Amino acid sequence: MTRVMAGWRRLVGAREGAATIEFALIFPMLMLVLASTYELGMITLRQVMLDRGLEITVREIRLGQLTPVTHAQVSASICAHALLLPDCAANLRLEMMPLDPRAWVAPPAGADCIDRADDTVPVRRFVAGVENQLMLLRACSLFDPYFPTTGLGATLPRQSGGAYALASASAFVIEP
């Protein structure tokens, strides 16, 4: 019994390997924080780029610089101005509709996103509008998380094919 107690005292009093144990406990949490920080940075960057592309395109539409105003033209313009969006044309879905401020009907709550499993789903609504008409343009783009099973990437709400969606909207009046 005294041998066991002496061995136990020696084990408890030993300092070798203490840093290894601390490292083994802290390193996974540190990596989780770093992965989540990177994921959040990329989400923020993509949201800013989507907003930038949408606002520049809306300005071109408003001033009559983008003609004709079709889904393909507007999508191409957003992708050209929104830098750093991977596979922008394939992951971007637009919705453009007139709004009547005198007889207000709220637009559908959520932005219309693409369905990666079904390419045949038509655009919800895309109307070019006329001069002096209040318009709403919404864009939804899908992105795959960098770390889908870890930290922030695991908690993001998922859309089609395990991707998360970023949406941007802008209301404007087409100038004469």
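Identify, from the list R15, R10, the residue that is out of contact with any Cys (no Cβ under 7 Å at 6 or more places or on another chain), modelled with pLDDT under 75 and farther than 30 Å from S168 by Cβ.
R15
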**OP:** Sort out which residues of region 117-154 are within 13 Å of the chain's Cα centre (by Cα), surrounded by fewer than 17 Cβ atoms within 10 Å (Cβ to Cβ) and of a type in the set (S, T, Y), and write them in order of number.
**Re:** Y146
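So if I check each of L50, L85, L30, L45, which one is surrounded by 18 or more Cβ atoms within 10 Å (Cβ to Cβ) and modelled with pLDDT of 90 or more?
One residue alone meets the criteria, L50.
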**OP:** Confirm whether R52 is within 29 Å of V74 (Cβ to Cβ), part of a helix (DSSP H, G or I) and either in contact with a helix residue (DSSP H, G or I) (Cβ under 8 Å, 6 or more places away or on another chain) or free of Cβ contacts under 8 Å to residues at least 24 places away in the same chain (or both).
**Re:** yes
**OP:** Output the number of the condition that T44 fails; it satisfies all remaining conditions of (1) under 15 Å from the mean Cα position of the chain (by Cα); (2) in contact (Cβ under 8 Å) with a residue 60 or more places away in the chain.
**Re:** (2)
**OP:** Taking L63 as meeting all but one of (1) touching a residue at least 12 places away in the same chain (Cβ under 8 Å); (2) more than 24 Å from V48 (Cβ to Cβ); (3) surrounded by fewer than 12 Cβ atoms within 10 Å (Cβ to Cβ), write down the number of the exception.
**Re:** (2)
**OP:** Return the pairs, sorted by first residue and then second, in which the second residue is aromatic (F, W, Y), the first residue lies in region 161-176 and is in contact (Cβ under 8 Å) with a residue 40 or more places away in the chain, the beta carbons are less than 9 Å apart, and the residues are 6+ apart or on different chains.
**Re:** A163/F143; Y164/F143; A165/F143; L166/F143
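The values are calculated or read from the model by the stated rules, or taken from the named source; none is laboratory data. Computed from a predicted model, the values in this text were never measured in an experiment. Note that we place each Cβ from the backbone using ideal geometry, even for glycine, and neighbour counts take in every protein chain shown.
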